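Structure record follows, encoded as structure tokens.
Bear in mind that the values in this text are calculations on the coordinates, not laboratory data. This one's a predicted model, so the numbers in the text were calculated from it and none came from an experiment. Glycine also receives a Cβ, built like all others from the backbone with ideal geometry; neighbour counts cover every protein chain displayed.
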Amino acid sequence: MSGFIPYGHQQILAEDVEAVVRVLRSDFLTQGPVVPAFESAIASHCGVAHAVAVNSATSALHIACLALGVGPGDRVWTSPITFVASANCALYCGATVDFVDVAPDTGNLCVAQLEQRLVQAQRAGQLPKVVIPVHLCGRSCDMKAIRALSQRFGFSIIEDASHAIGAHYDDQPVGNCRYSDITVFSFHPVKIITTAEGGVAVTADPAIAERMARLRSHGITRDPAMMTGEPDGPWYYQQVELGFNYRMTEMQAALGLSQMDRLETFIAARHRISRRYDELLAGLPLERPPNDVSGSRSALHLYPVRLNRDQDRRRVFETLRSGQIGVNVHYIPVYLQPFYAKQGFEPGYCPSAEAYYRRTISLPMFPGLSDDDQTRVIDILKGAVT
Ligand SMILES: *Cc1c(COP(=O)(O)O)cnc(C)c1O
């Protein structure tokens, strides 16, 4: 790629195009065989029993909350260093949302903070129903510790693994749900694999999977066991609750299935790019992302560098942008958004999140980033910080 270098970009090969075109020429554009095939591929990759594919990770987070019984009067907690969707899902259900500060080095939910807040919440009788840890940049949170807290304080866990398909935790694929109730992945084009728009919720629990599948399609069931009374006939279905049209199309699933064949290649390419950044940025006045801890493998969705405190982040950012480098910032703490400020959150609420935000810049990171383009990124960054 010449000219502008984005921070993330999909890789589409001829085989992806052919897979989508095959579906376009087939009988089913939606509700055919390819979505279930894609779901099986995801479930088998994760080593989990059930996968429910939907039209976005945002939708997946929504039906995940509903399937765990989140409703008015309930509390959901998440990380402030995330995309707004991780928090909005609680509000869609009529619940309230709160934010737990992050660890300063990884930007992931801080387990010590979480524990402290849970102890306080228990005293006040205000424990959360669900906690949503976010695997920032594709690095898993400390799920064993969060699981232990969930058992002690009685909340459910949804992993927002939008960045993290292909990541490992505890030497196992993220998404196996050993330490959570549900895990959600996003397939937006900047993420690890893409379906254009799309997402999936995986779970080991058959009842949760069934509920999410029903909510994905209007709350309708064709299972006589779920119906009130006897079916009127073979055509019969019943709407048993209020659901949505969150279905994924067959074209999206075909693209996703084709992309899943290259998941390992994508992760390997991201690790190669990350190692090259690590080498070539050594010695600059900035912090590189922390390395993987034993048993874990980041999916490396993002490569954020954190500038030293005396650097002017805005000037460095603008220098990179004028050099046609599509750097970005992940993320503005969610509660600083005007919409959340209106709910009573004030600056200073999560000091580590705000410190993380003030210094961070995401460098280009995607499998198709060439060595030459990466060198250009590094050269401009060097010029800007030294
Ligand atoms: C991208 C993203 C989402 C939303 O994903 P969509 O598929 O675009 O709805 C949610 N959470 C995080 C952390 C994300 O990065």
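Charging the Cβ of each Asp and Glu at -1 and of each Lys and Arg at +1, and nothing else, the dipole of region 281-383 about its Cα centre rounds to 240 debye. Length, then width, then depth: along the principal axes, the Cα atoms of the chain run 75, 59, 38 Å. Semi-axes of region 74-156's equivalent ellipsoid from the Cα gyration tensor, sqrt of 5 times each eigenvalue, largest first, rounded to whole Å? Semi-axis lengths for region 74-156 are 18, 16, 10 Å. Think of the chain as having a plus end and a minus end, set by charges on the Cβ of Lys, Arg, Asp and Glu; of VAL305, SER79, GLY94, VAL305 sits farthest toward the positive end of this dipole. Across ALA167, ALA269, ALA207, mean-square fluctuation computed from a Gaussian network of the chain (C-alpha pairs under 10 Å connected) peaks at ALA207. What does the C-alpha gyration tensor say about the overall shape of region 238-383? Classify as rounded when a/c is under 1.5, otherwise prolate if a/b is larger than b/c, or oblate. Here region 238-383 falls in the oblate category. Taking Cα centre as origin and charging only the Cβ of basic (Lys, Arg, +1) and acidic (Asp, Glu, -1) residues, the dipole magnitude of the chain rounds to 860 debye. For the chain, compute the number of Lys pairs whose alpha carbons are separated by less than 30 Å, excluding pairs fewer than 8 positions apart on the same chain. Within the chain, the lysine pair count is 5. Net charge of the neighbourhood of HIS50, taken over other residues with C-beta under 9 Å away and scored Lys/Arg +1, Asp/Glu -1, is -3. Taking label points 7 Å from Cα along the Cα-to-Cβ direction, THR30 and THR228 give a separation of 2.7 nm.
Rounded to the nearest 5, the antiparallel percentage of DSSP beta bridges internal to the chain is 65%. Between region 329-386 and region 117-175, the alpha-carbon centres lie 23 Å apart. Around the amide H of GLU287, modelled in the peptide plane, lie the amide H atoms of ARG306, LEU307, ASN308, all under 5 Å away and 5 or more residues distant in sequence or on another chain. Helical content alone sets the calculated 222 nm signal of the chain at -11500 deg cm²/dmol, taking -39,500 (n - 2.57) per DSSP H segment of four or more residues and averaging over every residue. Counting only Cβ charges, +1 for Lys and Arg and -1 for Asp and Glu, the dipole size of region 31-187 around its Cα centre is about 300 debye.
Once Lys and Arg get +1 and Asp and Glu get -1 on their Cβ, which of GLY107, LEU369, SER186 lies farthest toward the positive end of the dipole of the chain? Ranked along the dipole, the leading option is GLY107.
Between PRO133, ILE157, GLN122, the Cα set farthest toward the positive side of the dipole of region 116-165 (charges on each charged residue's Cβ, about the Cα centre) is that of GLN122.
Going by the alpha-carbon gyration tensor, a ≥ b ≥ c the square roots of its eigenvalues, is region 158-225 rounded (a/c under 1.5) or, if a/c is not under 1.5, prolate (a/b greater than b/c) versus oblate? Oblate. For the pair region 37-114 / region 191-224, the C-alpha centres are spaced 14 Å from each other. Estimated at 0.36 nm per residue, the fully extended path between LYS144 and ARG315 surpasses their Cα-Cα distance by 57.6 nm.
Taking a Cβ cut-off of under 10 Å around ASP205, the surrounding Lys, Arg, Asp and Glu residues balance to a net charge of -1, with basic ones at +1 and acidic ones at -1.
Counting beta carbons within 10 Å around each of TYR349, TYR237 and listing the fewest first gives the order TYR237, TYR349. Among ASP310, ASP170, ASP16, the largest mean-square fluctuation in a Gaussian network model of the chain, built with springs joining Cα atoms closer than 10 Å, belongs to ASP310. Classify region 51-110: rounded, prolate or oblate, from the alpha-carbon gyration tensor (a ≥ b ≥ c, eigenvalue square roots; a/c under 1.5 rounded; otherwise prolate if a/b is larger than b/c)? Oblate. The rule of thumb for compact globular proteins, 2.2 N^0.38 Å, goes into the C-alpha radius of gyration of region 1-52 1.56 times.
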